[in-house]
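The values are calculated or read from the model by the stated rules, or taken from the named source; none is laboratory data. Note that the coordinates shown come from a computational prediction; the quantities given were computed from them, not determined experimentally. Because the Cβ atoms are built from the backbone with ideal geometry, glycine has one as well, and the counts that use them run over all protein chains shown. Heads up: the accessible areas ignore ligands, DNA and RNA and are worked out on the full protein's heavy atoms, side chains in. Shrake-Rupley method; radii C 1.70, N 1.55, O 1.52, S 1.80 Å.
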Amino acid sequence: MRASFYSQLSFEVAETGRLRIAQRDSFPDEYDRLTGGIALSPKSKLLSLSPFVDREGVMRVGGRLRNSPYHFDKKHPMLLSPKHRLSRMLCEYEHKRLMHAGPQLLFSSIREKFWIVASRNLIRATVRNCIACSRFNPQCLVPIMGDLPQERLTVGRVFSVVGVDYMGPLHIRDKKGRGSRLSKCYVSVFICFATKALHLELVSDLSSVQWYFIPAQSPHFGGLWEAGVKSVKHHLKRVAGNANLTFEQLITLLAQIEAILNSRPLSPMSQDPNDLTPLSPAHFLIGRSTTELPDPDLQHVPANRLSVFQRIQLIKQHFWKQWSKEYISELQQRVKWKTQQQDVQEGVLVLVKEDNFPPSKWRMGRIVAVHPGRDGVNRVATIRTSSGLVKRSFSKICPLPVETVVEDAPSASRRGAC
């Protein structure tokens, strides 16, 4: 029934009676003035087009192309409103007739005969809501960047709260010289939530009491430790290359890489342009002994009551205070994902993005559950596909435009596009 509807559309659009009805509905004041021989109101949105009514009672653009060699319909296209149902039907038909043309081709094709006022938004929406086009140019969901957890904003001992990730596998030799055997090993990356200090451990396997997984193929859910893994790989690949080191050689190399990464700058120490020493994770690592007991807060004690040792501790506490004032304030801005975009609910039909396949091979599924974060924003969804349930972040989900509702036709059924 839908196919026959589109096959008859060209004849319905060409029918002057249907066009007159659409123009009376969309431009009642302008149509009455033009048919009555009265000039348009200065506030009319059609004034710049110099419209007129032809012998068949159809409003056309007067424009400035009267002396051009083009055919009559191109010089004086018929006027339509972008809000009228007939305009949307025309755009959908032309989009399909031109084999799913893009916005620019669709725009120029329609202008050969019709002038839809402010039509670019309607044309873009037609292409965007086409299911066939969406499958080959899918748009993933981008929720707003989440708030920082409390552990990243609370002053405490270095490595009191850490993120852990494994990197590898790497290959090590059991001995030097000929006849050595290769075995797999991994690098365990520990990163402090508060100071971004890094610690690397060389481990022989992936055994653990309990694992906590982030959603599959979503490294930004563990951005802190994933960034640490990326930094370690950056140095390790360039220094070691494909060399197979022994356990002692590799652990020494990791210690050197750890020292380099813990010297990376976090923020300037002061606003003085002559102060060239940045604040780095190493300042926190060597600031106190690992066996030292926590110091009492001395910032509110008068200076004349402090001993020499307590003065030293007070200077160190001022150092932490500077960190909380300067470094923490730099984490305030959202560098990306700044606004809350389209959200999805249960029952929406989506494509599951697969990095190693073209969009035409991505699995299709339906959302059965969404999982909001601590701030109430949905960022993860469970999807039912032909191969079972999968859990993916919104960055790997592309909703299909199959739930579009025609706004000015409340009784009409829901439509996709093409």
Two pseudo-spin positions, 7 Å from Cα along C-beta at LEU306 and at LYS391, lie apart in nanometres by 4.8
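Quote the FRET efficiency, to the nearest 0.05, computed for ARG20 versus LYS233 with a Förster distance R0 of 60 Å and r equal to the Cβ-Cβ distance. Don't skip to the end; give the middle numbers.
Details: r = 69 Å, r/R0 = 1.14.
The calculated FRET efficiency here is 0.30.
Checking the table LYS336/LYS361; LYS233/LYS336; LYS237/LYS396; LYS113/LYS361 against a 27 Å threshold on Cα-Cα, which pairs fail?
Values: LYS336/LYS361 29 Å; LYS233/LYS336 24 Å; LYS237/LYS396 29 Å; LYS113/LYS361 38 Å.
Listed pairs above 27 Å: LYS336/LYS361; LYS237/LYS396; LYS113/LYS361.
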Mind grabbing the accessible area of GLU112 for me, 1.4 Å probe, Å², rounded to tens?
-> 70
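Given 0.36 nm per residue, what is the gain on full extension from ASP355 to ARG334 after removing their alpha carbon distance, in nm? Mind showing how you got there, number by number?
Details: separation 21, 0.36 × 21 = 7.56 nm, distance 2.59 nm.
Here the segment from ASP355 to ARG334 would lengthen by 5.0 nm.
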Whose amide H sits under 5 Å from the amide H of PHE114, counting only residues 5 or more places off or on another chain, with H placed in the peptide plane?
-> MET78
Any chance you could look up the accessible area of TRP362 with a 1.4 Å probe, heavy atoms only, rounded to 10 Å²?
-> 30
PHE213 versus LYS74: modelled label distance in nm, points set 7 Å from Cα along the beta carbon direction = 6.0
Length released on extending from ARG374 to ILE260, taking residue separation times 0.36 nm less the Cα-Cα span | 37.6 nm
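At 0.36 nm per residue, minus the direct Cα-Cα distance, what do GLU112 and LEU98 gain on full extension? Give it in nm, one decimal, please. Don't skip to the answer; put the middle values down first.
Values: separation 14, 0.36 × 14 = 5.04 nm, distance 1.37 nm.
Once the chain is fully extended between GLU112 and LEU98, it gains 3.7 nm.
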